[in-house]
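These notes concern the structure reproduced below.
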Amino acid sequence: MPSAGPASEPRSRSHAVLAHIGRIGAFLLGAILLLGAYTKVIDPVAFAEHISKEGLDFLLPSGVIVFVALALELGLGAALMLNMRRLEVLIASSVLVLFFLYLTGMNYYDFVNGESPAHEGCGCFGNLISRNPEEAFWQDLIMLLPTCIMAWLGRPRPEALTPMWKIVFTGAFTIAGLVFTWIAPELPLDNLATKLKPGVDLGQLCVGEGEDKACFAEAAPQLMDDPDLPDERYIAVIADPNDESIHEPLNAYANRLFEEEITPLVVLTSLTLEEVEDLLVSELAPSFELMPVPRVLLRPMYRALPRSFLVKDGKVVETVSGLPPFERWAGSADE
């Protein structure tokens with residue numbers, strides 16, 4: 001009678017290969033989930049806005065959903081990267097992947113049928129990664145589905161024990177991420193969480209494509225580089241002009257422009273041209289110049305309003321959260 005030993009070796013080698021593929025898939029899927037979580041953790045307010053926009057806050061407030069969603073992404077991402085491929089982890093990860101694909105798929109369907117513009121892609125990766133609906137769907141499908149399937153291959157035996165240190169680390173990591181999310185709005189993370197940071201060429205900021213393409217150069221041509229005016233500077237403030245608290249300091253600086261040759265001030269707002277015109281004839285009419293810019297261009301440039309930046313020859317020199325340091329940035333117009 002032939003020995004059973006050699007016959008069992010191919011199955012053992014086969015399982016080892018599948019387990020290796022499964023570990024790779026789990027690691028990649030976990031890394032993708034953690035990348036998505038990172039972009040949300042540093043700007044949870046924008047994530048909450050996206051939840052409301054998608055209509056996902058019909059049962060719970062968007063702020064609560066932010067923490068529930070991030071707990072899942074952080075916990076599952078860490079567990080998968082540590083090869084904790086327990087049945088419950090893989091089921092929860094698969095449901096999350098299918099939910100992401102459902103969201104991007106619905107956005108893609110609306111885009112194909114002309115019900116949403118090209119720049120309204122899924123914000124699953126925050127303001128840092130701009131994707132149109134088609135890109136969001138196919139990229140998520142290619143990244144998430146294969147890695148999710150791979151993660152199921154060669155998973156550990158059900159009776160195998162998960163090392164306690166992995167469980168403790170995953171829990172601690174998730175809690176730390178949620179605590180960081182809670183305090184993130186108060187931290188100086190704007191240059192990390194937005195597309196507005198020192199060195200950025202404003203003329204290169206665009207969203208969408210084709211007829212739906214919107215570029216900062218067209219929305220705010222005054223701030224672009226002018227070869228005939230070297231070293232031209234502007235103080236730009238992204239703000240809500242209906243916020244009365246900003247009027248006094250901005251009006252005071254604008255009034256100085258009529259008396260001194262100092263750096264010009266431009267206030268960027270997502271209000272429409274009609275709304276700006278109505279404001280200019282209202283009791284809140286400001287002295288400073290208002291420049292309407294499409295919200296789709298402005299929103300990725302701030303976490304909270306107001307946010308200010310100094311522009312020189314069309315490039316961002318410095319940014320601050322809140323109103324600008326007028327005395328430091330003012331200078332002279334020809335400086």
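The values are calculated or read from the model by the stated rules, or taken from the named source; none is laboratory data. Predicted model only: the values in this text are computed from it and were never measured. With ideal geometry, Cβ positions are generated from the backbone for all residues, glycine too; neighbour counts draw on all protein chains shown.
With the structure loaded, tell me whether residue 47 is in contact (Cβ under 8 Å) with a residue 40 or more places away in the chain, touching a Lys or Arg at 6+ places or on another chain (Cβ under 7 Å), of a type in the set (Phe, Trp, Tyr) and in the same structural domain as residue 139 (by TED's automatic domain parsing) or whether it fails that test. So residue 47 fits the description; yes. The helices (runs of 4 or more DSSP H) falling completely within the range 263-335 that include 2 or more residues that are over 28 Å from the mean Cα position of the chain (by Cα) and aliphatic (A, V, I, L, M) map to 273-280. Filtering the range 196-214 to residues that are modelled with pLDDT of 85 or more and surrounded by fewer than 18 Cβ atoms within 10 Å (Cβ to Cβ) leaves 197, 198, 199, 201, 203, 204, 206.
Taken over the range 171-230, the criterion of being charged (D, E, K, R) and touching a His at 6+ places or on another chain (Cβ under 7 Å) is satisfied by 212 alone.
The residues in the range 143-184 that are outside any helix (DSSP H, G or I), out of contact with any Gly (no Cβ under 8 Å at 6 or more places or on another chain) and either under 19 Å from residue 91 (Cα atoms) or among the aromatic types (Phe, Trp, Tyr) (or both) can be counted, and the count is 7.
Among the candidates 31, 92, the residue that is farther than 29 Å from residue 302 by Cα, assigned by TED's automatic domain parsing to the domain that holds residue 166 and surrounded by fewer than 20 Cβ atoms within 10 Å (Cβ to Cβ) is uniquely 92. Residues that are assigned to a helix (DSSP H, G or I), β-branched (Val, Ile, Thr) and modelled with pLDDT of 95 or more are absent from the range 99-115 altogether.
Inclusion of residue 124 among residues that are at pLDDT below 95 and either closer than 30 Å to residue 169 by Cβ or acidic (Asp, Glu) (or both) is warranted.
Can you tell me which of 55, 75, 63 is of a type outside the set (Phe, Trp, Tyr) and either under 22 Å from residue 139 (Cβ atoms) or surrounded by 19 or more Cβ atoms within 10 Å (Cβ to Cβ) (or both)? Answer to the check: 75. Being acidic (Asp, Glu), at pLDDT 90 or above and within 20 Å of the chain's Cα centre (by Cα): is that true of residue 240 here? So residue 240 fails the test. All conditions but one from (1) within 24 Å of residue 202 (Cα to Cα); (2) not in a strand (DSSP E or B) apply to residue 260; the one that does not is (1).
Among residues of the range 278-335 being of a type in the set (Lys, Arg) and either touching a Pro at 6+ places or on another chain (Cβ under 8 Å) or free of Cβ contacts under 8 Å to residues at least 12 places away in the same chain (or both), the one that is surrounded by the fewest Cβ atoms within 10 Å (Cβ to Cβ) is 328. Evaluate the range 222-232: report whether one residue or more is buried (at least 18 other Cβ atoms within 10 Å of the Cβ), touching an Asp or Glu at 6+ places or on another chain (Cβ under 7 Å) and under 25 Å from residue 307 (Cα atoms). Checking the range 222-232: at least one residue is buried (at least 18 other Cβ atoms within 10 Å of the Cβ), touching an Asp or Glu at 6+ places or on another chain (Cβ under 7 Å) and under 25 Å from residue 307 (Cα atoms).
Take the range 129-142 and flag every residue that is polar (S, T, N, Q) and either out of contact with any Pro (no Cβ under 9 Å at 6 or more places or on another chain) or part of a helix (DSSP H, G or I) (or both).
Selection gives 139 alone.
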